[in-house]
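**Student:** Here's a structure for you.
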Amino acid sequence: MANVPSLYKQFEDYFKIGAAINKRTMHHSKDTILKHFNSITAENEMKFENLHPKEDEYTFSISDEMVSFAEQNDIGVRGHTLVWHNQTSDWLFKKDGKDIDSSTLDQRMKSHIDTVLDRYKGKMYAWDVVNEVVLDEKEPFLRPSKWLDILGEEFIEKAFIYAHEADPNAQLFYNDYNESAPIKSEKIYQLVKGLKEKEIPVHGIGMQAHWNIVDPQLDDIKRAIEKYASLDVRIHVTEMDVSMYDFEDRRTDLTEPDSKMVELQAQRYEQFFKIFKEYHKHIDSVTLWGVADNYTWLDNFPVRNRKNWPMLFDENHEPKEAFWRIVHL
Ligand code: HXH
């Protein structure tokens, strides 16, 4: 497929183009990754429960493999993620079957962040330090979690401080979904504004961008980007996909996307990348949450075992209509 242009080369003057990879796609999708992407994120392999299943046991082998794959091929790595309410080992919050006190959790958090960031020092250009702590609704502000229960709201600033101490050169991000919805984006803005006012080392906001063929509206995306950029932080689009289904759509009968959906998806990708280009001075990377339609987490979310086709490459890794629209922007 020599006549297919490289996606990342097409956007080289603007931002990196990334893909989330896992232990299988890293091998099976290697050619597509090498040709089209110059940044990677581990879909699951750097999450707490995967790296640190027991207090005295770290499992770095797959994550190490990803980092050396990136190093050998001159690909940047975004670390994902250090402090989150999901995919975090239960042992972390317990000792002898009981909930631990705040100073123990504080020490454990620091020790995890130190160990992970130190191992990959100089090899990651960014870390999602804190993921998804803001609730979608107006109230309460923060999501209930073990972190919040035990450490209080300071767990957020502590995570950034420890991460900055461990790797002073990494760009540190707050990452969240529904990042373009008016209520949520205002809350994310307030959270990061508060951290900046306290001189907490936060350098960027990660807009996950789990979008679909109807939501969100383009104006909301632009407003969110402008708001975040006004805080003088960098923006990364961290987990982009464009689902063929509106979030409320729970149909399970489709075995292939119809031509209307394919066209709508292509138009949406084109509009999104037009916005990213327009705001490229604030955006350093745009990462897709997968490589191609043959594997995507959306095949199990929000409906189990329902095929989706959210990526820029089809199940055979051929460029889709959406790909052609964005490379010709
Ligand atoms: C992301 N969360 C994570 O950052 C990433 O690590 C993971 O691999 C995939 C997606 C997005 C997300 C957030 C909340 C959520 C589902 C996905 O929970 C909901 C549950 C029901 C309805 C709406 C959201």
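**Student:** Let's see if you can work this out: charge +1 on each Lys and Arg Cβ, -1 on each Asp and Glu Cβ, no other charges. What is the dipole magnitude of the chain about its Cα centre, in debye to the nearest 20?
**Tutor:** Charge dipole, the chain, about its Cα centre: 340 debye, nearest 20.
**Student:** Give me the net charge of LEU135's neighbourhood, meaning all other residues with Cβ under 11 Å from the Cβ of LEU135; Lys, Arg count +1, Asp, Glu -1.
**Tutor:** Summing Lys and Arg as +1 and Asp and Glu as -1 gives -1.
**Student:** By how many degrees, 0 to 90 and rounded to 10, does the Cα axis of helix 154-166 deviate from the longest principal axis of the chain?
**Tutor:** Taking the Cα atoms of the chain, the angle to 154-166 is about 80 degrees.
**Student:** Extending each Cα 7 Å along its Cβ direction at SER61 and PHE301, get the distance between those two points in nm, one decimal.
**Tutor:** Label-label distance for SER61 and PHE301, simple model: 2.7 nm.
**Student:** Continuing with this model, one more query. Near LEU254, within a Cβ-to-Cβ distance under 11 Å, what is the net charge of the other residues, with Lys and Arg +1 and Asp and Glu -1?
**Tutor:** -1
**Student:** Here's something else I'd like to know. Quote the charge dipole size of segment 80-158 about the Cα centre in Debye, to the nearest 20; the model charges only the Cβ of Lys and Arg (+1) and of Asp and Glu (-1).
**Tutor:** So the magnitude is around 440 debye.
**Student:** Continuing with this model, one more query. Report the one residue of SER102, GLN72, THR41 whose Cα lies farthest in the direction of the positive end of the charge dipole of segment 35-121 (charges on C-beta: Lys and Arg +1, Asp and Glu -1; origin at the Cα centre).
**Tutor:** So the residue furthest toward the plus end is THR41.
**Student:** Hey, what did segment 1-66 get for relative contact order, percent, Cα under 8 Å, at least 6 apart?
**Tutor:** Here the relative contact order equals 29 percent.
**Student:** Once the whole set of protein chains is in place, how much accessible area is left on TYR8, using a 1.4 Å probe, in Å² to the nearest 10?
**Tutor:** For TYR8, solvent-accessible area is about 40 Å².
**Student:** What is the Cα centroid distance between segment 187-227 and segment 274-329, reported in whole angstrom?
**Tutor:** If we compute the Cα centre of each part, the gap is 20 Å.
**Student:** Another question, if that's okay. If you roll a 1.4 angstrom probe over the protein chains with everything in place, what fraction of the accessible area of the chain belongs to carbon and sulfur, to the nearest %?
**Tutor:** On the chain, the fraction of accessible area on carbon and sulfur atoms equals 46 percent.
**Student:** Any idea of the accessible area per residue across segment 159-210, 1.4 Å probe, to the nearest Å²?
**Tutor:** On a per-residue basis, 36 Å².
**Student:** Let me ask something additional. Given a cut-off of 26 Å, name the pairs among LYS16/LYS54; LYS121/LYS146; LYS30/LYS123; LYS274/LYS320; LYS227/LYS277; LYS35/LYS184 whose C-alpha atoms lie farther apart than that in the structure shown.
**Tutor:** Table pairs above 26 Å Cα-Cα are LYS16/LYS54; LYS121/LYS146; LYS35/LYS184.
**Student:** Might you tell me the accessible area per residue for segment 11-90, computed with a 1.4 Å probe and given in Å²?
**Tutor:** 42 Å²
**Student:** Per-residue HN-Hα couplings for segment 281-292, Karplus 6.51 cos²θ - 1.76 cosθ + 1.60 at θ = phi - 60°, whole Hz, x for Gly and Pro?
**Tutor:** These are the phi-based 3J(HN,Hα) values: 5, 9, 10, 9, 7, 10, 10, 8, 8, x, 10, 8 Hz.
**Student:** Using Cα-Cα distances under 8 Å and only pairs 6 or more residues apart, what relative contact order does segment 58-200 have, in percent?
**Tutor:** Answer for segment 58-200 is 28 percent.
**Student:** Ignoring everything except DSSP H segments at least 4 long, calculate the 222 nm mean residue ellipticity for the chain; use -39,500 (n - 2.57) per segment, divide by total residues, nearest 500.
**Tutor:** Value at 222 nm, helices only: -11000 deg cm²/dmol.
**Student:** May I pose another question? Quick one: helix 218-229 against the long Cα principal axis of the chain, what's the angle to the nearest 10°, folded into 0 to 90?
**Tutor:** Roughly 40 degrees between the two axes.
**Student:** Here is a further query. State, to one decimal in nm, how far the label point of GLU49 lies from the label point of SER6, with both points 7 Å from Cα in the Cβ direction.
**Tutor:** Output for this residue pair reads 3.7 nm.
**Student:** Sticking with this structure for a sec: Whole number in Å², please: accessible area per residue of segment 219-317, 1.4 Å probe, ligands, DNA and RNA not counted.
**Tutor:** 46 Å²
**Student:** Additional query: Which of the lysines could be linked to LYS23 by a straight reach, that is with a Cα gap under 17 Å, when you skip same-chain ones fewer than 8 residues away?
**Tutor:** LYS47
**Student:** Another one. Report, ordered by chain and residue number, the aspartates and glutamates lying within cross-link reach of LYS222, taken as a straight Cα distance under 15 Å and ignoring same-chain residues fewer than 8 apart.
**Tutor:** Partners found: GLU179, GLU186, GLU270, GLU278.
**Student:** Using the Cα centre of segment 198-329 as the reference point, and only Cβ charges (+1 on K/R, -1 on D/E), how large is the resulting charge dipole? Debye, rounded to the nearest 20.
**Tutor:** With only Lys, Arg, Asp and Glu charged at Cβ, the dipole is about 360 debye.
**Student:** Apply the Karplus curve 6.51 cos²θ - 1.76 cosθ + 1.60, θ = phi - 60°, to the phi angles in segment 45-56 and return the couplings in whole Hz, x for Gly and Pro.
**Tutor:** 5, 10, 6, 3, 5, 7, 7, 9, x, 9, 3, 9
The values are calculated or read from the model by the stated rules, or taken from the named source; none is laboratory data. Keep in mind that this is a model prediction, so the values were computed, not measured. Quick reminder, even Gly has a Cβ in these numbers, built from the backbone with ideal geometry, and neighbours come from all protein chains shown. Quick note on the areas: whole protein, heavy atoms, side chains included, nothing else; ligands and nucleic acids left out. Shrake-Rupley method; radii C 1.70, N 1.55, O 1.52, S 1.80 Å.
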